[in-house]
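**Student:** Here it is: the structure, laid out below.
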Amino acid sequence: MRVPLLFVCLAVHACATVGATDTVASTDTAAKTPSAGPQLMELPTLESPKVRLPAGVRPLSYRLALTIVPGTDRFSGEIVATVQIDRPLEVLWINATQLDVTATSLFTERGERSAQAIVVDDHFVALVPRCDVAEKGSCLVSTGRQDVRLTFSGPLSRKDVDALFQVKEGDDWYAYTSFEPIDARRAFPNFDEPQFKVPWTVSLTVKAGHSALANTPQVKEEALPDGMKRVTFAASKPLPSYLVAFAVGPFEFVDAGKHGRNQTPIRIVTPKGKAGEAKWAAESSGPILAQLEAYFGSPYPYEKLDQISIQANTGAMENPGLVTYGHQTILSKPEVDTPGRQRGFASVCTHELAHQWFGDLVTMAWWDDLWLNEAFATWMTPRILEKWQPTWAMDVAQVNRRHGALGSDAMVNARQIRQPIVSNDDIANAFDGITYGKGASVIGMFENWMGRETFQKGVRAYLEKHAWRNATAADFLESISVAAGKDVATPFRTFLDQPGGPTIDFALSCGKGTPTLTLTQRRSLPIGSKGDAAKVWQVPVCVRWSEKGKQARACTVLTEASGTLELSGAKSCPEWVLPNDRGDGYYRASLTGPLSLADVYRKAGTALSTPERIALLGDVSALVRSGDLDAAVMLELATLAAKETDRHVFGYALGFASIPGGDLLPEALRPKHEAFVRELFSKRLEAIGFDPKATDDEDLRLLRPQLIATLGRVGKDRTVLAKAREAAARWLDDRKAIHPDLLDVTLGLAGEAGDAAFHERVLAVARKETDRGDRGRLLGALAELPDATLVAKQLPLILTDAFETRESMRLLWGAAGDFRTRGLALDFARTHWDELIIRLPKDSGAGLVWLAGGVCTESEQANARSFFEGRSTRYLGGPRTFALAMENMELCVAFRARQRASMISFFEKRGAAKPIGPAR
Ligand SMILES: [Zn+2]
């Protein structure tokens, strides 16, 4: 943005005195009137940089001092940036957002000067030395190494969960930070780009009774007047601004011991009274760290490892030495802990600790290479956990991740893994399923293609070469190509630099000679998509087949639109062909010719591994989405998969049988669908029992809530619903009344079956509940209420102080997720948009468009478009999020038009629904 040429004249003593400047906002600069004394130099024309800071200035180190008192409304601080300046400057640009810069000094050719800090837009402040007219031409910011000093203050937000913010737990306030990607500039002015990796020396002035934490160990503590103290931390290793972190409050510390090659001390940091909830985090972090060191062949790179709970439902952040987690991930009361929660923490912890190498030790040079952080940490998680916990079926997790990523990738508005960054919106949008899931799946595919050991050598070489510095995609691809002794970069780039994923049609021909597959690739696109299918990737492909009970494998790299793959060694037409051996190719497979995917599923049976069966079922569902197959195929496969004993395959049966959910079927057919679900799954629940037993293994414990949820929610099983309602009623008085494995599902189903009395009771208990976990569960139950009158009654609570809005928004999302109450939720959002925006964290408006995510008619879509366009698009990342939500709605309408008839016909052919039987 351009700022008009202005004259700003101030008294000469202000020019000569360091530290007496006000931040000048561009909008009100013109209101300043000249004072007496020598006239100051004319301000240069200020044209704000676009996204990035201009070249020619780079920080070498920072000294940062902040005063943070949780419970107050503002923080304050001073930062001294030692910078290297390449050429004389009229203006020195720095990033700062919503900060009041009250004093600035820098060095000019005429010595140290105060400077005006001029806010030019939301992200940039111009520092212009104060010089008088007589000095014209000789008062530029000088070149070489110098200190730039800024004093500032900013708001200590009570509603945000990024930048520098505070959260109340019990009677105490706690301050935390979360800076990735561009929120460090909201906490202190700095050169806020990942390429600037430098040492930071931080000191925090806090209340004497509080603890203060930063990336590095504390080296000094000094008592100050008025019940305050100053805590100084060791200078950090080179860090970009987005990895700087601190926390202040009356914390408790759980010592998790010393781990790894350098005996790194690990602690779990909790708010007051919560140390008892950190048991699993304390037990699991050390072994995970040791596994990572073994893979990378190098020690954890930092001096200490604190892992801290933020008392809000947030994600996690990999700050070196001070990793943050939402409380729901890292803490759990031992008596309600579950295998699902424990595995969830282990996965997130592995991801964050993998970042200590991928991201922290070696950092992307710019946000277009965010995948070098996120795709790698995501890919690394199963690689570590499969060693540490071999029974956790991480191979299944990888296939599921590939399935999800290919789903996201089918959108026309999908990003590339390596998407050019031309705006701050692009930076915000980079944190998506493409960067994480597609990136990780593509890495996994090439890892398997190269061989895992060879790939590991490439990874180690890359980390060693770029340690403590920045790197790009080209650097990484070079390292793995060297390790492989072949060009991996060219095929890899076909996935990195273009959006979408391939569907490969495998046509089997068994004429004379060796049976052969003809492979044809196209972009995988759902019904109704406006995307161009004519795209080509270089895809490593491996198939496996069985001939007379003997299995064999063949591989190729499909580099053109079509190609062939001989089933070499095969003498006759195979009994079955699996077109994605091991399920690790990043492509959808479709079979044509004498065999269909459903045939392969039936014929191969347990000759296919669990990940392979899941990959195959995932591809069937994608082919139903793309219109290559009828939806009835999924329902038929559900009846087969429902007989599987394997929890993961059985989980697909649950999902497939639930496909005609919501209002997709006409009302008259819904009882038949419900009966279908009960017929498929009731016997399994009878066999394993509704109530957990001490002898259950973890697989059974993880399966049971899934099964109960489907029977209750989709099958409307009256026995299951009645049990849930009774158990929930007991739990409201006695928190031990429900086994922890069934707590969330039981309360959710009780909400689904809830009436006015239930609503009133749960709400009364929720209002008094002091425990965040239980309060979340109670709000979760209310969010499931299907009754429009009750939903209309509870939505206004979001706009009161009955609950934190971050928590009570669950009521709105729940209502929006159910076709029976979606209209109400959208009306509420339309009527109260401005009030919601004020109460929610910064830029939440972008994601609110997903309230309309389930919309599946053209008229509703038009309404959603006209409301959200120009509203949700105003916030960071909003334009692409809006486009994706709109595309999603269009695809839903098209899917319904194409596949509804197939589902109707499937259920019409079935007999009358069996009576449900009396509720117990
Ligand atoms: Zn990450």
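**Student:** What distance in nm separates the simple spin-label points at residue 219 and residue 866, each placed 7 Å from Cα in the Cβ direction?
**Tutor:** 6.4
**Student:** Using only Cα atoms, find the angle between the long axis of helix 858-868 and the longest principal axis of the chain, and express it within 0 to 90 degrees, rounded to the nearest 10.
**Tutor:** Compared with the principal axis, the helix lies near 10 degrees.
**Student:** Along the charge dipole of the chain, which of 567, 859, 218 sits closest to the positive end, that is, farthest toward it, with unit charges on the beta carbon of Lys, Arg, Asp and Glu (+1, +1, -1, -1)?
**Tutor:** 567
**Student:** Follow-up. Scan segment 496-567 for GluC sites (Glu not before Pro) in coil per DSSP, keeping those whose Cβ has at most 10 other Cβ atoms within 10 Å, and list them by number.
**Tutor:** Values: sites: 547, 560, 566; in loops: 560.
Sites meeting the loop and neighbour criteria: 560.
**Student:** A follow-up question, please. Provide, in order from the shortest bin, the percent of all Cα-Cα pairs of segment 272-420 in each 10 Å bin, continuing until the bin that contains the maximum pair distance.
**Tutor:** Reading upward from the zero bin: 10, 37, 37, 14, 2.
**Student:** What residues qualify as long-range amide H neighbours of residue 140, i.e. H under 5 Å apart, gap of 5 or more or another chain, H built at 1.01 Å from N?
**Tutor:** Sorted by chain and number, the residues that satisfy this are 109.
**Student:** Using modelled backbone amide H atoms (1.01 Å from N, in-plane), which distant-in-sequence or interchain residues come within less than 5 Å of residue 75's amide H?
**Tutor:** Here 154, 156 satisfy the definition.
**Student:** So if I take the centroid of the Cα atoms in segment 195-243 and the same for segment 603-630, what is the distance between those two points in Å?
**Tutor:** 54
**Student:** Could you tell me the convex hull volume per residue, in Å³, taken over the Cα atoms of segment 34-149? Intermediate values should be presented prior to the final figure.
**Tutor:** Values: hull volume 15.0 nm³, N = 116.
Spread over its residues, the Cα hull of segment 34-149 gives 130 Å³ apiece.
**Student:** Oh, and also: Test of understanding: express the Cα radius of gyration of segment 442-511 as a ratio to 2.2 N^0.38 Å, with N the residue count.
**Tutor:** 1.37
**Student:** What fraction, in whole percent, of alpha-carbon pairs in segment 783-846 exceed 19 Å separation? The partial results should precede the final answer.
**Tutor:** Values: 452 of 2016 pairs.
When all Cα pairs of segment 783-846 are counted, 22 percent exceed 19 Å.
**Student:** Now for a separate question. Using 30 Å as the Cα-Cα cut-off, could you pick out the over-long pairs in 258/693; 486/530; 279/793; 258/465; 530/643? Walk me through the numbers before you get to the answer.
**Tutor:** Values: 258/693 36 Å; 486/530 37 Å; 279/793 40 Å; 258/465 28 Å; 530/643 38 Å.
In this structure, 258/693; 486/530; 279/793; 530/643 exceed 30 Å between Cα atoms.
**Student:** Counting every Cα pair in segment 779-920, what percent are over 26 Å apart? Each step should come with its number before you reach the end.
**Tutor:** Details: 3531 of 10011 pairs.
More than 26 Å apart: 35 percent of the Cα pairs in segment 779-920.
**Student:** To continue, here is another question. Below 20 Å, Cα to Cα, which lysines can residue 909 reach? Residues fewer than 8 away in the same chain don't count.
**Tutor:** 672
**Student:** Something else: How many angstrom lie between the Cα centre of segment 429-467 and the Cα centre of segment 767-835?
**Tutor:** Their Cα centres are 41 Å away from one another.
**Student:** Under 17 Å Cα to Cα from residue 768, which lysines show up? Leave out anything in the same chain fewer than 8 places away.
**Tutor:** Within the straight-line cut-off, residue 768 pairs with 168.
**Student:** Then there's this: Dipole magnitude of segment 843-895 about its Cα centre, charges +1 at Lys/Arg Cβ and -1 at Asp/Glu Cβ only, in debye to the nearest 20? Mind dumping the intermediate values first?
**Tutor:** Details: 4 positive and 6 negative charges, 40 e Å.
Here segment 843-895 has a charge dipole of around 200 debye.
**Student:** At 1.4 Å probe size, with every protein chain present, just tell me what the per residue accessible area of segment 489-560 comes to in Å².
**Tutor:** Working: 2980 Å² over 72 residues.
Per residue, segment 489-560 has an accessible area of 41 Å².
**Student:** Using a simple charge model, +1 on the beta-carbon of Lys and Arg, -1 on the beta-carbon of Asp and Glu, nothing else, what dipole does segment 298-369 show about its Cα centre, in debye to the nearest 20? Mind showing how you got there, number by number?
**Tutor:** On the way: 4 positive and 9 negative charges, 64 e Å.
So the magnitude is around 300 debye.
**Student:** Still on this structure: Under a 1.4 Å probe, what is the accessible area of segment 601-758 per residue, stated in Å²? Write down the numbers at each step before the final one.
**Tutor:** Values: 6140 Å² over 158 residues.
Value for segment 601-758: 39 Å² per residue.
**Student:** Between segment 116-139 and segment 657-724, what is the separation of their alpha carbon centroids in Å?
**Tutor:** If you average the Cα positions of each part, the centres end up 68 Å apart.
**Student:** Out of the total accessible area of the chain (probe 1.4 Å, heavy atoms of protein only), what percent is carbon and sulfur? Each step should come with its number before you reach the end.
**Tutor:** On the way: 17970 of 34730 Å².
Carbon and sulfur: 52 percent of the exposed surface of the chain.
**Student:** Sort 709-720, 39-50, 165-176 by packing, meaning the average of other beta carbons within 10 Å per residue, with the highest value first.
**Tutor:** Values: 709-720: 22.2, 39-50: 16.2, 165-176: 20.3.
Peptide ranking by packing, descending: 709-720, 165-176, 39-50.
**Student:** Here's another thing I want to ask about it. Please enumerate, by chain and number, the aspartates and glutamates with C-alpha under 18 Å from the C-alpha of residue 512, excluding those fewer than 8 residues away in the same chain.
**Tutor:** Once the sequence-local aspartates and glutamates are set aside, what remains near residue 512 is 547, 566, 575.
**Student:** Collect residues whose amide H, placed 1.01 Å from N in the peptide plane, falls under 5 Å from the amide H of residue 61; neighbours closer than 5 in sequence don't count.
**Tutor:** 82
**Student:** When the Cα atoms of segment 692-741 are enclosed in a convex hull and the volume is divided per residue, what value in Å³ results?
**Tutor:** On the way: hull volume 3.6 nm³, N = 50.
Value for segment 692-741: 71 Å³ per residue.
**Student:** Related question: Return the subset of 50/197; 159/272; 550/603; 207/842 for which the Cα-Cα distance in this structure is over 24 Å, preserving the input order.
**Tutor:** Values: 50/197 21 Å; 159/272 21 Å; 550/603 13 Å; 207/842 28 Å.
The answer is 207/842.
**Student:** Whole-Å semi-axes of the chain's equivalent ellipsoid, largest first, each the root of 5 times a Cα gyration tensor eigenvalue? Before the final figure, lay out each step's value.
**Tutor:** Details: eigenvalues 504, 231, 151 Å².
They are 50, 34, 27 Å, listed from largest to smallest.
**Student:** Take the Cα gyration tensor of segment 413-456, multiply each eigenvalue by 5, square-root it, and list the three semi-axes largest first, rounded to whole angstrom.
**Tutor:** Numbers: eigenvalues 146, 17, 11 Å².
The three semi-axes for segment 413-456 are 27, 9, 8 Å.
The values are calculated or read from the model by the stated rules, or taken from the named source; none is laboratory data. Just so we're clear, the structure is a prediction, and the values are computed from it rather than from any experiment. Here the Cβ is made from the backbone with ideal geometry for all residues, glycine too, and neighbour counts use every protein chain on show. Surface areas here come from the heavy atoms of the whole protein model, side chains and all, with no ligands, DNA or RNA. Shrake-Rupley method; radii C 1.70, N 1.55, O 1.52, S 1.80 Å.
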